[in-house]
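The values are calculated or read from the model by the stated rules, or taken from the named source; none is laboratory data. Because the structure is a prediction, the values reported are computed rather than measured. FYI the Cβ positions are ideal-geometry reconstructions off the backbone, even for glycines, and counts take in every protein chain you see. Only protein heavy atoms, including side chains, enter the accessible area calculation; ligands, DNA and RNA are left aside. Shrake-Rupley method; radii C 1.70, N 1.55, O 1.52, S 1.80 Å.
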Amino acid sequence: MEFIRTIASNSIVCIVFLVSAFIYGLVLPFCWGNNPMDYRGTLSHLCEHHKPFFWIWAFLTGGCFLFNAEHMFIKVGYSNRFLDVLLILAVLGMFVIAATLEHSIENWNPTRVVHWTGTILYIVCIALAVLLFFLLNLNVRGFKVLAGIMVFIIVGFIVWFVKLGRSAVIEMIPIASVEIMMFVVNFTPLVQAS
């Protein structure tokens with residue numbers, strides 16, 4: 001983990017991953033005539049026949065979350081092995097998703113089960129790592145608001161998924177929202193340890 005923290009301490013690396021992941025994650029769902037609102041418009045379905053583009057997304061987004069979350073920890077002088085493990089598991093989940101792109105969505109075959117397991121691992125671990133970080137550091141100016149926003153994002157994601165099902169938009173909005181929060185914490189004076 002020290003190697004990752006060394007990389008994460010470099011603001012330039014963090015901002016490059018953050019901006020690249022943000023832009024790429026908002027552009028990719030609209031490629032090849034995809035409808036990001038359609039249930040078949042998810043990134044994994046879209047990239048079944050464009051796998052390198054999904055791997056780029058996984059690399060950028062995984063790196064963005066891993067390095068920028070660690071950068072947040074460093075910024076406020078916080079260290080927590082459990083949160084570090086959650087971040088590593090999230091990245092692992094992301095690569096499991098990428099490795100299982102081509103699967104039938106007509107039935108719950110073994111590849112689809114592994115794909116969904118990776119998806120759930122990725123979503124839960126990122127959401128938990130960021131939310132717990134805010135909750136465990138409520139003394140940091142702005143973290144109460146950010147914790148509230150994170151709860152709103154999580155609840156909104158769950159409600160949207162239950163009511164409307166899967167789509168690229170349900171993937172895009174929460175990811176972009178968390179990336180914006182990480183930018184605020186890491187690269188603005190709005191959040192500072194007291």
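Quick notes on this structure:
- Of all residues making up segment 116-152, the number that are under 21 Å from M37 (Cβ atoms) and in contact with a Leu (Cβ under 9 Å, 6 or more places away or on another chain): 0
- Across segment 68-102, the number of residues qualifying as in contact with a strand residue (DSSP E or B) (Cβ under 9 Å, 6 or more places away or on another chain) and part of a loop (DSSP other than H, G, I, E, B) comes to 1.
- Residue match in segment 143-150 (condition: modelled with pLDDT under 90 and either in a helix (DSSP H, G or I) or not basic (K, R) (or both)): no
- C14 fulfils the conditions (1) surrounded by fewer than 20 Cβ atoms within 10 Å (Cβ to Cβ); (2) in a helix (DSSP H, G or I); (3) of a type outside the set (A, V, I, L, M) except for a single criterion, (1).
- Within segment 25-44, the set of residues being open to solvent by 50 Å² or more (accessible area, probe 1.4 Å) and either in contact with a Gly (Cβ under 9 Å, 6 or more places away or on another chain) or assigned to a helix (DSSP H, G or I) (or both) comprises L26, V27, F30, W32, G33, N35, Y39.
- Flag if I105 is outside any helix (DSSP H, G or I) and either open to solvent by less than 40 Å² (accessible area, probe 1.4 Å) or modelled with pLDDT of 85 or more (or both): yes
- Residue in segment 165-186 that is at negative phi, open to solvent by 80 Å² or more (accessible area, probe 1.4 Å) and not in a helix (DSSP H, G or I) present: no
- Residue check for V159: modelled with pLDDT under 95, more than 25 Å from V27 (Cβ to Cβ), of a type in the set (V, I, T) and open to solvent by 40 Å² or more (accessible area, probe 1.4 Å): yes
- C47 satisfies every condition listed in (1) in contact with a Phe, Trp or Tyr (Cβ under 8 Å, 6 or more places away or on another chain); (2) within 22 Å of T119 (Cβ to Cβ); (3) open to solvent by less than 50 Å² (accessible area, probe 1.4 Å); (4) at pLDDT 90 or above except (4).
- Tabulated pairs, segment 30-43, first touching a residue at least 24 places away in the same chain (Cβ under 8 Å), second open to solvent by 80 Å² or more (accessible area, probe 1.4 Å), C-beta under 7 angstrom, 6+ apart or interchain: P36/F30; G41/N35
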